[in-house]
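Here's the structure we're looking at; comments come further down.
The values are calculated or read from the model by the stated rules, or taken from the named source; none is laboratory data. All figures in this text were calculated on a predicted structure; none of them were measured in a lab. When we count neighbours, we look across all protein chains shown, and the Cβ atoms used for this are built from the backbone with ideal geometry, even at glycine. For accessibility, only protein heavy atoms count, side chains too; no ligands or nucleic acids. Shrake-Rupley method; radii C 1.70, N 1.55, O 1.52, S 1.80 Å.
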Amino acid sequence: MRDYLLTLCVTAAVTYLLTGPVRKFAIAAGAMPEIRARDVHREPTPRLGGIAMFFGLCAGLLVADHLPNLNSVFELSNEPRALLSGAALIWLIGVLDDKFEIDALIKLGGQMIAAGVMVMQGLTILWLPIPGIGTVALTQWQGTLLTVALVVITINAVNFVDGLDGLAAGMVCIAAAAFFLYAYRIWYGFTIEAAAPATLFAVILMGMCLGFLPHNMHPARIFMGDSGSMLIGLVLAASAISITGQVDPDALKIFEGSTREATHAALPVFIPLLLPLTIIAIPVADLVLAIVRRTWNGQSPFAADRGHLHHRLLEIGHSHSRAVLIMYFWSALIAFGTLAYSVHSASMWIVLVIVALSAIGLVLLLLPRFTPRAPRWAESFVPPRYRRRAAPPEAPEPEASAAYEAEECAPVPAGVNGATALSALPELHDRRKAGTRG
């Protein structure tokens with residue numbers, strides 16, 4: 001654990017320290033697109049934050065390679081090299097997109113190529129656990145197609161959710177933390193060495209997000225752009241593929257006894273397959289809803305709009321920061337709830353706690369619809385949004401309004417300035433004459 005903490009700190013420090021210079025470089029390079037209709041920020045903000053995150057990834061892998069307890073990951077497995085190759089390719093595509101706005105189909109092709117590069121170097125799904133049956137080996141084509149699909153879905157889900165300051169980095173960090181705890185338990189709890197690469201990938205991903213978040217929280221000074229969102233999506237998918245496709249479920253000795261007992265015991269081993277889907281459940285739901293919405297309206301599935309979940313939270317009445325925190329809450333509840341259930345699947349308390357927290361989350365979600373109003377005597381002690389609104393001024397009567405408009409529209413005599421334009425001019429003139437005579 002000490003080596004993992006060191007890798008985490010180095011990755012976060014390198015990412016944090018490089019983000020400032022990268023921001024200056026992005027401004028000098030002109031990677032500051034104009035504000036679009038779907039954007040929620042008000043000032044042009046530089047992109048290319050993924051440059052700092054990529055170098056943080058490289059620093060984390062380099063440090064882990066020189067640590068005695070993590071060096072074996074590089075000696076016994078080719079997965080770190082496969083991850084670095086795919087990450088470099090997807091990062092280059094993202095940098096080009098942040099600067100030149102390349103076509104969506106070209107990005108999709110680049111994502112598939114990056115996934116194929118990782119598959120060619122051994123980072124692929126080899127088998128799937130099925131309760132009551134056991135381990136089902138996949139053919140080369142089946143494993144390749146499943147791996148590419150999981151990578152593409154994860155990358156685009158993270159990319160779609162990157163719409164508010166700090167949202168994508170925070171949600172992926174929460175997902176990586178939950179995945180790290182599960183992979184660490186598989187490695188040290190069951191002494192399965194094949195889970196070591198996934199554990200390393202998850203802790204490096206946490207460091208990348210933690211190092212970038214201080215610069216990206218609202219109001220953001222820099223955006224990660226596609227170079228960052230696609231990068232962290234690929235690393236997250238690589239972690240899931242590594243532990244799902246490389247860890248042999250038979251090594252956990254769960255497929256024993258009757259079919260019912262084996263099915264119940266197989267629930268924890270399904271978490272490596274389900275966890276990457278649960279931790280990105282909100283981004284995936286946003287992705288599916290966006291595709292259905294745009295197709296229904298006759299638009300391209302890749303056309304941008306303001307119908308994402310975070311946009312809807314803002315429309316309900318949540319502030320920018322509160323919308324991000326609500327998304328954090330639901331991501332943590334889904335990820336860590338699934339993780340807790342995988343460890344103690346027979347405990348009813350876990351289900352009850354998840355249900356209770358879900359109810360709290362719904363209340364927080366709908367809070368702007370039921371904003372309480374403080375009594376008159378307590379209005380000075382609460383924020384303005386909880387105070388009673390003042391009654392609107394009464395509309396003037398029609399005759400008074402017409403007379404007032406006639407008086408307003410009356411011509412102003414020459415030599416009268418704006419200060420005396422509304423005064424009783426004849427009376428004022430008579431008083432001046434009286435004063436001169438006396």
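Quick check on my filter: what residues within segment 65-87 are under 29 Å from the mean Cα position of the chain (by Cα) and open to solvent by less than 30 Å² (accessible area, probe 1.4 Å)? Once the filter is applied, which keeps residues that are under 29 Å from the mean Cα position of the chain (by Cα) and open to solvent by less than 30 Å² (accessible area, probe 1.4 Å), segment 65-87 yields Glu79, Pro80, Ala82, Leu83, Gly86, Ala87. Does Gly50 qualify as being touching a helix residue (DSSP H, G or I) at 6+ places or on another chain (Cβ under 6 Å), within 30 Å of Thr244 (Cα to Cα) and not hydrophobic (A, V, I, L, M, F, W, C)? It is true that Gly50 is touching a helix residue (DSSP H, G or I) at 6+ places or on another chain (Cβ under 6 Å), within 30 Å of Thr244 (Cα to Cα) and not hydrophobic (A, V, I, L, M, F, W, C).
On the given criteria, is Phe223 under 20 Å from the mean Cα position of the chain (by Cα), among the aromatic types (Phe, Trp, Tyr) and farther than 29 Å from Asn71 by Cα?
Answer is yes for this residue.
In this entry, Leu62 is excluded by the filter for residues that are within 22 Å of Met118 (Cα to Cα), touching a Phe, Trp or Tyr at 6+ places or on another chain (Cβ under 9 Å) and of a type outside the set (Lys, Arg). For the structure I just gave you, tell me whether Trp127 is in contact with an Asp or Glu (Cβ under 9 Å, 6 or more places away or on another chain) and open to solvent by 40 Å² or more (accessible area, probe 1.4 Å). Spelling it out, Trp127 is indeed in contact with an Asp or Glu (Cβ under 9 Å, 6 or more places away or on another chain) and open to solvent by 40 Å² or more (accessible area, probe 1.4 Å).
Checking Phe212, Phe180, Phe201 one by one, the residue that is in a helix (DSSP H, G or I), open to solvent by 10 Å² or more (accessible area, probe 1.4 Å), in contact with a Ser or Thr (Cβ under 8 Å, 6 or more places away or on another chain) and modelled with pLDDT of 85 or more is Phe180 and no other. Cβ-Cβ distances below 6 Å connect no pair with a first residue in segment 1-28 that is under 14 Å from Gly228 (Cβ atoms) and without any contact (Cβ under 8 Å) to a residue 24 or more places away in the chain, a second residue that is open to solvent by 60 Å² or more (accessible area, probe 1.4 Å) and not β-branched (Val, Ile, Thr), and a separation of six or more residues or different chains. Scanning for something in contact with a Leu (Cβ under 6 Å, 6 or more places away or on another chain), outside any helix (DSSP H, G or I), open to solvent by 20 Å² or more (accessible area, probe 1.4 Å) and at pLDDT below 90, does segment 143-164 turn up at least one residue? No, segment 143-164 has no match at all. Identification of helices (runs of 4 or more DSSP H) wholly contained in segment 1-89 with 3 or more residues that are at pLDDT 95 or above and closer than 18 Å to Glu193 by Cβ yields no element.
Restricting Ile102, Ile113, Ile93 to residues that are within 21 Å of the chain's Cα centre (by Cα), of a type in the set (Val, Ile, Thr) and open to solvent by 20 Å² or more (accessible area, probe 1.4 Å) narrows the list to Ile93.
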